[in-house]
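Below is one structure, written out as structure tokens, with a few remarks after it.
Rule-based calculations on the coordinates, nothing more; no lab input. Small disclaimer: the values here were computed from a predicted structure and weren't measured. A quick note on method: Cβ atoms are made from the backbone with ideal geometry, for glycine too, and the neighbour counts reach across all protein chains shown.
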Amino acid sequence: MTESTRTSDPTPTARRTVLAAGAAALAGGTLAACGGGGGGGQSPSAESGAATPSAASSAGAPAGAAEALLKSSAVPVGGGVVLKKEKVVVTQPTAGEFRGFSAVCTHSGCLVDKVADGTIDCPCHGSRFKVTDGAVVKGPATRALPEKKITVAPDGGISLA
């Protein structure tokens, strides 16, 4: 068959569809953080299996509703929670204000392991970041933790936007 008589090959479209689906799946699974103890109740850690799902993640949830990573009540005021599997840190700088950040330290790629005394702490080289905006408080990191968009549902479930 010559190029001019060949029918279009459906493979590129099928590949794009598969790649788009794979990219969407990866995007949902690339966020998490280290868990760790200590911090006087300011650094609770939650594994995905321990996170409390919201009503939006139940079988009757509308299509496209994100599954809750944890409940807002699990995030202490002035502190935060590190979610290892999702590589996300969720903080509550002031009552009712929730922020999401990457849990991957901008210095050398280690996962942060706790939130204590108003900072998100990396165990590898001692970098610390503000719970309010992810800015560097103490190096060697020189760049802030990237923000991760989160949503808080009326029932208190926190999920990635």
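Worth pointing out:
- By the count of other C-beta atoms within 10 Å, a proxy for reagent exposure, His125, His107 are ordered fewest to most as His125, His107.
- Across the stretch 85-90, coupling constants 3J(HN,Hα) worked out from phi with the 6.51/-1.76/1.60 Karplus curve, θ = phi - 60°, read 4, 8, 6, 9, 10, 10 Hz, and Gly and Pro carry x.
- Once backbone amide H atoms are built at 1.01 Å from N, Leu69 has Ile158, Ser159, Leu160 as its partners under 5 Å, excluding neighbours fewer than 5 places away on the same chain.
- Local net charge near Ile120, Cβ-Cβ under 14 Å (Lys/Arg +1, Asp/Glu -1): +4
- For Ile120, the amide hydrogen comes within under 5 Å of the amide hydrogens of Phe129, Lys130, Val131, counting only partners 5 or more places away or on other chains and with H modelled in the peptide plane.
- Among Glu67, Glu86, Glu97, a tally of other beta-carbon atoms within 10 Å of each Cβ gives an order, fewest to most, of Glu97, Glu67, Glu86.
- Vicinal HN-Hα couplings computed from phi for the stretch 121-138 (Karplus, 6.51 cos²θ - 1.76 cosθ + 1.60; Hz; Gly/Pro x): 10, 9, x, 6, 10, x, 5, 9, 10, 5, 6, 6, 9, x, 5, 5, 9, 9
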